[in-house]
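The values are calculated or read from the model by the stated rules, or taken from the named source; none is laboratory data. Since we're looking at a predicted model, the values are computed, not measured. Positions of Cβ are generated from backbone atoms using ideal geometry, with glycine treated the same way; all protein chains shown enter the neighbour counts.
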Amino acid sequence: MRFRDKHGRIVDGINNDGTLHLKDVDAPTPSTPFYHAVMEAKIPTDHHESDLYIPDTPASRELLEHYPEHKRNARRFQHTNKMMWLDIPFAYEPFWAKKVDELPAPALGEREIILTPKIKAKVLPPIPANSNPFHHDASNMGTRIARNVMVMHHTHDSQEAQYLIIVNDFQEAQYLIIVNTETGERVRIIFE
């Protein structure tokens, strides 16, 4: 990781004594997120939920100079190893990445996509990957059409299910739900 310190010097890493290693070649100003800068500088870390813990060393303090908001919010505390560490609230990025993965599907499910004048599609919230679609949709029947694709429909008669794809004005042909059983992604095809 390279960045400029508050004096405009190029910092290229950390020396064994905890001071910053200065380089005399040009490098871009820090645009790296703080957590990534800490990892690239090989500063030891710990965390509790979203709070990032780093040792309170000259190198850590120097790095914080480039991130004023994190510097302003950092608090010193004595860690289990009796050293003083810095607690930087909300800076442990893996916590937030996991939270994003746990979020429901984006609001795409609220939007209909017009495929033809009489056929629309609607993205539905996904089900867990590699799970049985029937455990998440008890009101529809389904037909596996490929190793990882299930077509859900609201009838159980396999002959009528074939007509669902062809005849868009048949009473039961109101919609199909296509499920990728490997990823859990789902889309509803609506026939008008």
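Values computed for the structure shown
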read-out: Scope the range 67-102; condition part of a loop (DSSP other than H, G, I, E, B) and within 26 Å of the chain's Cα centre (by Cα); matching residues; value: TYR67, ALA74, PRO89, PHE90, ALA91, TYR92
read-out: LEU52 vs. criteria surrounded by 11 or more Cβ atoms within 10 Å (Cβ to Cβ), out of contact with any Gly (no Cβ under 6 Å at 6 or more places or on another chain), part of a strand (DSSP E or B) and assigned by TED's automatic domain parsing to the domain that holds HIS36; value: yes
read-out: Per-region count, the range 55-104, residues closer than 17 Å to TYR35 by Cα and out of contact with any Gly (no Cβ under 6 Å at 6 or more places or on another chain); value: 34
read-out: Qualifying positions in the range 57-98 - in contact (Cβ under 8 Å) with a residue 60 or more places away in the chain and in contact with a strand residue (DSSP E or B) (Cβ under 7 Å, 6 or more places away or on another chain); value: HIS66
